[in-house]
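Right, one structure below, let's go through it.
The values are calculated or read from the model by the stated rules, or taken from the named source; none is laboratory data. Just so it is clear, the model here is predicted, and its values are computed rather than measured. No Cβ is skipped: glycine too gets one built from the backbone with ideal geometry, and neighbour counts run over all protein chains shown. With ligands, DNA and RNA removed, areas are computed over all heavy atoms of the protein, side chains included. Shrake-Rupley method; radii C 1.70, N 1.55, O 1.52, S 1.80 Å.
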Amino acid sequence: MSVPLLKIGVVLSTMAMITNWMSQTLPSLVGLNTTKLAAAPGGIPDRSIGVLPANPEESWQVYSSAQDSEGRCICTVVAPQQAMCSRDARSKQLRQLLEKVQNMTQSIQVLDQRTQRDLQYVEKMEVQLRGLETKFRQVEESHKQNIAKQYKAIKAKMEELRPLIPVLEEYKADAKLVLQFKEEVQNLTSVLNELQEEMGAYDYEELQNRVSNLEERLRACMQKLACGKLTGISDPITIKTSGSRFGSWMTDPLAPEGDTRVWYMDGYHNNRFVREYKSMADFMTSDNFTSHRLPHPWSGTGQVVYNGSIYFNKFQSHIIIKFDFRTSSISKSRQLEYAGYNNMYHYAWGGHSDIDLMVDEGGLWAVYATNQNAGNIVISKLNPNTLHIIKTWTTNHPKRSAGEAFMICGTLYVTNGYSGGTKVYYAFHTNSSTYEYIDIAFQNKYSHISMLDYNPKDRALYAWNNGHQVLYNVTLFHVIRSEEL
């Protein structure tokens, strides 16, 4: 029996308070105060006898001036203390800490959005399981019914379900871990409030370490709660019918809160225009869009939008290009060494689908094939900034025999075809470098899949199915053991 992943999400309003506070007070913390010359009684500046300012460490001060025998002006100046000259550096550190806290806020918000539905489902299931167990116990004690074959079968099913109860208890325990994160962020809030009164009074290195430690623990917790093994794919949800038989569409899994833009690319080669829709609602109900012209045409349908940039395979090459939508320019390009291209090692449906770029909870991936691996699938983890290969895995699955493929939590899932009856039947786990054959039903509603990609933010599969833009929800299962916490 498959159980949806329970992800305990908590939105920390304290994080928003930190953000608002810092945006309002940071300018006053960074600037150096200016002080005018002291004035003698009557409001006229005294240029013969200087008056030392009450707080000379805050700024450069002229506190006396005179003329020498030749009429030249001589001024005496007191400079700010050395510690004050480091304010700019400290302010920069503070801004960096603020950015980290803001990123953590976004992560927790995403976790919260993706968990509420599963939380309600599992809690309801827990009640039903416990209720069913109680009823069986009452029947056995009262002997009101004879134990028949049907009763035995139901009881056996109950015994299969019984191990799920301690699993649910493990999930509940994870809520305490998230509450610890909330308390630690509140402590950081107190520290930042103290910095408002006296900027140099706290050890920045210690504060940095505390933020980094919390960030790492949060990332590890999110990965445990969000990741799991694929156990089911929902029926398709048709979002729109548009375009040709082949294409790709997507949203950015790292888009900030409120950014729901949809990116749309019709065709699989010799095209360079990407449509941007303001929201999913706009995409579904209108044809209002902004068009972006790429510097080169793309190849295949394996493009991804990730953190404000689109990554695509340049047509008739094994070059990967990162194009930044914010600057409308190429920010990085790199050859994917030995990768087949120009329909050498495409998916079963063809379409120059030699190089397929993907994103999951772990980051950016490239799936392709090489002569060195006899045309079988190769998986490479990429650095999204430099496009350098971080690590590569070779599989035993022929690329030309795969219908489509997608990554979830570091596992590559492959379909057995692209038309007619389709299922997910092969999985390669990069964390253990092992593979297995599986059997997960996949409804191919419009009979021709030319693009299938996972979005970790939505926890959904985006598909282009014969001129239809389709979504599938996925079910992930992961048992969190106490030693993992």
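In the stretch 282-308, what residues are open to solvent by less than 60 Å² (accessible area, probe 1.4 Å) and either of a type in the set (S, T, N, Q) or out of contact with any Phe, Trp or Tyr (no Cβ under 9 Å at 6 or more places or on another chain) (or both)? Outline the logic, then answer.
Within the stretch 282-308, the subset open to solvent by less than 60 Å² (accessible area, probe 1.4 Å) is 282-283, 286, 292, 294-306, 308.
Matches in the stretch 282-308: Ser286, Ser299, Thr301, Gln303, Tyr306.
Hey, among Tyr437, Tyr426, Tyr446, which residue is free of Cβ contacts under 8 Å to residues at least 40 places away in the same chain, open to solvent by less than 10 Å² (accessible area, probe 1.4 Å) and farther than 30 Å from Glu257 by Cβ?
Tyr426
Only residues that are open to solvent by 40 Å² or more (accessible area, probe 1.4 Å), of a type in the set (S, T, N, Q) and within 16 Å of His448 (Cβ to Cβ): list them for the stretch 238-277, please.
Matches in the stretch 238-277: Thr238, Thr241, Ser244.
Consider Asn396 carefully, then state whether it is polar (S, T, N, Q), without any contact (Cβ under 8 Å) to a residue 24 or more places away in the chain and under 21 Å from Thr370 (Cα atoms).
No; evaluated as a whole, the condition is false for this residue.
Of the residues Leu461, Leu471, Leu476, which single one is assigned to a strand (DSSP E or B), modelled with pLDDT under 95 and not β-branched (Val, Ile, Thr)?
Details: Leu461 fails: modelled with pLDDT under 95; Leu471 fails: modelled with pLDDT under 95.
Criteria check complete, one pass: Leu476.
Return the residues of the stretch 398-410 that are open to solvent by 10 Å² or more (accessible area, probe 1.4 Å) and assigned to a strand (DSSP E or B); say none if nothing qualifies.
Hit for the stretch 398-410 is Pro398, nothing else.
Determine whether the stretch 348-363 contains at least one residue that is within 22 Å of the chain's Cα centre (by Cα), open to solvent by less than 10 Å² (accessible area, probe 1.4 Å) and among the acidic types (Asp, Glu).
Yes, because at least one residue in the stretch 348-363 is within 22 Å of the chain's Cα centre (by Cα), open to solvent by less than 10 Å² (accessible area, probe 1.4 Å) and among the acidic types (Asp, Glu).
Which pairs have Cβ atoms under 6 Å, sit 6 or more apart or on different chains, and link a residue in the stretch 287-306 that is farther than 21 Å from Ser329 by Cβ to one that is among the acidic types (Asp, Glu) and crowded, with 19+ Cβ neighbours inside 10 Å?
Gly302/Asp356
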